[in-house]
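The values are calculated or read from the model by the stated rules, or taken from the named source; none is laboratory data. If you're wondering where the values come from, they're calculated on a predicted model, not measured in any experiment. Methodologically, a virtual Cβ is constructed for each residue, glycine included, from the backbone with ideal geometry; neighbour enumeration extends over all protein chains shown.
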Amino acid sequence: MSLAFDYDALPGRVIFGAGRVAEVPAEVERLGARRVVVVAGREEDALAERVEQGLGERLAGRVDRIRQHVPEEVAEAGRERVAELDGDALVSLGGGSTTGLAKAVALTTGLPILAIPTTYAGSEMTPIWGLTAGARKTTGRDLRVLPRTVVYDPELTLTLPPALSAASGMNALAHCAEALWVPAANPVTSAVAEEGIRALAAGLPRVVVAPEDLDARTDALHGAYLGATALAAVGTGLHHKLAHVLGGTFDLPHADVHTVLLPYTVAFHAERHPTAVARIAAALESEDAATGLWELGRRLQAPADLAALGLTEEQADEAAGIVAESGAADREEVRELLRGALRGQLVHDESEATTWIQSAETTT
Ligand code: NAD
């Protein structure tokens, strides 16, 4: 077998483990920072205050106005506040929206970021920034926004509610799955992505049943980290394109869209990328990757179809048109994929679908 690939590995230091948030001051010291601005929303006050106390004299102040998808005016206000405080480094603590704001500041100031994620979103491992002006979100790739240090402490995720944990975790699983079939996939990132699926599939069902289970939280966060690493290196494909169109154009909840869509996008890729999809099945310990993901969604008590999220058949067809126009896939094929996801029907033959869904229900 001949083997050839390109791999642009990204720099960065990762600290992973329960209780390791206590090491943030030492990590800040390592960055050589003297005036640290903490970026954290008021909802994360209890955790942020702990970090702020640890920083002692190095704490310059806080940016606490966080909004999803980083509106331009929120980014601008954040930059002004950091300039007022004369900050020389950013410590972000929170989910993807908080990391996103720190990135928006770093994009124009070049300040280093130490990121402490508290969800499974994965932004902390990527050089991708996103800003929203009006209804339009722009994204870009810039190494200045890639956090220099990431502190993963599963104890910080214990308070993430089960539904949010499930949705955020399935988003992370989508990063892993898609990393296996995109053109830039390579043996290193594929190994990482497959292991990410294994960790997420092991952790998430236990997290939903027992949110305070630290071992389950550790598995889930480990999987999220691996998925984000793969995403950062190889990017995304059809699944994310569909999720963005459905979320952006029809205002469907982003994280739930990932959960519902994933079995369908995996089924779509089964014949096109059989090796990638076989790896997903192996990691899920399921004979069929799409079935395994569908069953996982039920165990996480996540919504099962796009209709339940509010999508209509006309909107599904419109979405297929938008995705086809972008060149991501053929319109008819995407239409078929979306119509299946709309009805929560994975296989085309009605009788087969019914049997399959019943058998999945009896195992959950
Ligand atoms: P989020 O950051 O908006 O957080 C969702 C909610 O969870 C908030 O109310 C927050 O206060 C709360 N929360 C966070 N941590 C908590 C905890 N430990 N306990 C209790 N509540 C907690 O949502 P998200 O899913 O983390 O991030 C989504 C955003 O991240 C989107 O804008 C997405 O586009 C972006 N994202 C960016 C990248 C990238 O590479 N740039 C990658 C993935 C996601």
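Is there a residue being surrounded by fewer than 23 Cβ atoms within 10 Å (Cβ to Cβ), at negative phi and at pLDDT below 95 anywhere in region 226-236?
yes
Identify all residues within region 82-128 that are part of a helix (DSSP H, G or I) and aliphatic (A, V, I, L, M); write none if there are none. Even if it seems obvious, please write down each step before you answer.
Step one: of region 82-128, the residues part of a helix (DSSP H, G or I) are 82-84, 96-109, 123-125.
The answer is 82, 83, 101, 102, 104, 105, 106, 107, 125.
Can you pull out every residue in region 152-206 that is β-branched (Val, Ile, Thr) and either within 12 Å of the ligand (Cβ to nearest atom) or surrounded by fewer than 24 Cβ atoms within 10 Å (Cβ to Cβ) (or both)? First the steps, then the outcome.
Pass one, region 152-206, residues β-branched (Val, Ile, Thr): 157, 159, 182, 188-189, 192, 197.
Selection gives 157, 159, 182, 188, 192.
Pick from region 271-287 the residues that are out of contact with any Asp or Glu (no Cβ under 8 Å at 6 or more places or on another chain) and surrounded by 17 or more Cβ atoms within 10 Å (Cβ to Cβ): which of them is nearest to residue 198 (Cα to Cα)?
Step one: of region 271-287, the residues out of contact with any Asp or Glu (no Cβ under 8 Å at 6 or more places or on another chain) are 271-278, 284-285, 287.
Subset that is surrounded by 17 or more Cβ atoms within 10 Å (Cβ to Cβ): 273, 276-277, 284.
Working: 273: 19, 276: 14, 277: 14, 284: 6 Å.
The residue in question is 284.
I need a count of the residues in region 114-128 that are surrounded by fewer than 24 Cβ atoms within 10 Å (Cβ to Cβ) and over 24 Å from residue 256 (Cβ atoms).
1
With (1) of a type in the set (Gly, Ala, Ser); (2) more than 13 Å from the ligand (Cβ to nearest atom); (3) part of a helix (DSSP H, G or I) as the list, and residue 61 as the residue in question, which single condition is left unmet?
Here residue 61 clears every test but (3).
Could you grab me the full set of residues in region 119-137 that are hydroxyl-bearing (Ser, Thr, Tyr) and either touching a Phe, Trp or Tyr at 6+ places or on another chain (Cβ under 9 Å) or within 8 Å of the ligand (Cβ to nearest atom) (or both)?
Here is the first cut: in region 119-137, the residues hydroxyl-bearing (Ser, Thr, Tyr) are 119-120, 123, 126, 132.
Selection gives 119, 120, 123, 126.
If you go through region 277-291 one residue at a time, do you hit one that is assigned to a loop (DSSP other than H, G, I, E, B) and at pLDDT below 95? Give the derivation first.
Going through region 277-291, the residues assigned to a loop (DSSP other than H, G, I, E, B) turn out to be 285-288.
Next, from what is left, pick out any that are at pLDDT below 95: none.
No, there is no match, as no residue in region 277-291 is assigned to a loop (DSSP other than H, G, I, E, B) and at pLDDT below 95.
In region 201-222, which residues are among the aliphatic types (A, V, I, L, M) and free of Cβ contacts under 8 Å to residues at least 60 places away in the same chain?
202, 207, 209, 210, 216 - these are the residues of region 201-222 that are among the aliphatic types (A, V, I, L, M) and free of Cβ contacts under 8 Å to residues at least 60 places away in the same chain.
Checking residue 294 against (1) over 17 Å from residue 240 (Cα atoms); (2) more than 20 Å from the chain's Cα centre (by Cα), only one condition comes out false. Which one?
Only one criterion is unmet by residue 294, namely (2).
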